[in-house]
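Report on one structure; see the data block that follows.
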Amino acid sequence: MWRILLLLLGSIFAFLCVACGTDGADTPMKPAPPGYRFLALGDSYTIGESVARGERWPNQLVAALGEEGLAVQAPEIIATTGWTTSDLKAGIARAKPVGPYDLVSLLIGVNDQYQGRSAEQYREGFRALLAQAVGFAGGDSSRVIVLDIPDWG
C-alpha cells in the first residue's frame, strides 16, 4: 500500500515538475538548485508517530523520488502528534517556513474530529491552511498535495 502511494505521489510530483517548467526564453540562466524543496504540513500521520525518521512518509517519498532520479532535498516537516488545524496554524507561525517550495503537502484534521470539533470548524481552519500551503508553493496550487483522513460523513 505504501509503495503504491509513494509511486503515485512520485508520479504526480514528476508530472508537476515537468508541467511547471518554462522554455527558458524569458528566464535568465541560473545555476541548478541542489534539489527540489518539499514542505510537509500536518499531524502524527505526517510526522510518523513512533516510527524512525526514515519511515515518515515524506522521507519515504523523497527517497523514492531519488531512486527515480529526481533530486529532492530532505523535507521540511511541520507536524506534531495531536495537532488540530489551529495547532498547525500556530506551528507554522512559530517555524516561519520560507517559500517558495516545489511541493507542499497538507495532511490535517483527524484530531479536529477526534477532539469533537464541528465539521464547520474544521472546514474554516482547513481553508486557511490550504491558502497558506498554496502561498508556500509560490501561489501555484498544482504544487500542493492534500491528503485527507477525516470522514465527516
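The values are calculated or read from the model by the stated rules, or taken from the named source; none is laboratory data. Just so we're clear, the structure is a prediction, and the values are computed from it rather than from any experiment. As a convention, Cβ positions derive from the backbone with ideal geometry for all residues, glycine included, and neighbour counts pool all protein chains shown. Only protein heavy atoms, including side chains, enter the accessible area calculation; ligands, DNA and RNA are left aside. Shrake-Rupley method; radii C 1.70, N 1.55, O 1.52, S 1.80 Å.
For (1) over 19 Å from PRO75 (Cα atoms); (2) open to solvent by 20 Å² or more (accessible area, probe 1.4 Å); (3) part of a helix (DSSP H, G or I), each residue gets a yes or a no:
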site	(1), (2), (3)
PRO100	no, yes, no
GLU120	yes, yes, yes
LEU130	no, yes, yes
GLY135	no, yes, yes
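Taking the residues in region 86-98 that are open to solvent by 10 Å² or more (accessible area, probe 1.4 Å) and not small (Gly, Ala, Ser) as candidates, determine which candidate is nearest to PRO58 (Cα to Cα).
Among those that are open to solvent by 10 Å² or more (accessible area, probe 1.4 Å) and not small (Gly, Ala, Ser), it is PRO97.
Tally time: how many residues in region 61-79 are surrounded by fewer than 18 Cβ atoms within 10 Å (Cβ to Cβ) and assigned to a helix (DSSP H, G or I)?
3
If I filter region 106-114 for residues that are of a type in the set (Ser, Thr, Tyr), in contact (Cβ under 8 Å) with a residue 60 or more places away in the chain and not in a loop (DSSP other than H, G, I, E, B), do I get at least one hit?
Looking through region 106-114, none of the residues is of a type in the set (Ser, Thr, Tyr), in contact (Cβ under 8 Å) with a residue 60 or more places away in the chain and not in a loop (DSSP other than H, G, I, E, B).
Does GLY139 meet the test of being at pLDDT 95 or above, open to solvent by 30 Å² or more (accessible area, probe 1.4 Å) and in a loop (DSSP other than H, G, I, E, B)?
On the way: at pLDDT 95 or above: yes; open to solvent by 30 Å² or more (accessible area, probe 1.4 Å): yes; in a loop (DSSP other than H, G, I, E, B): yes.
Taking the combined requirement at face value, the residue satisfies it.
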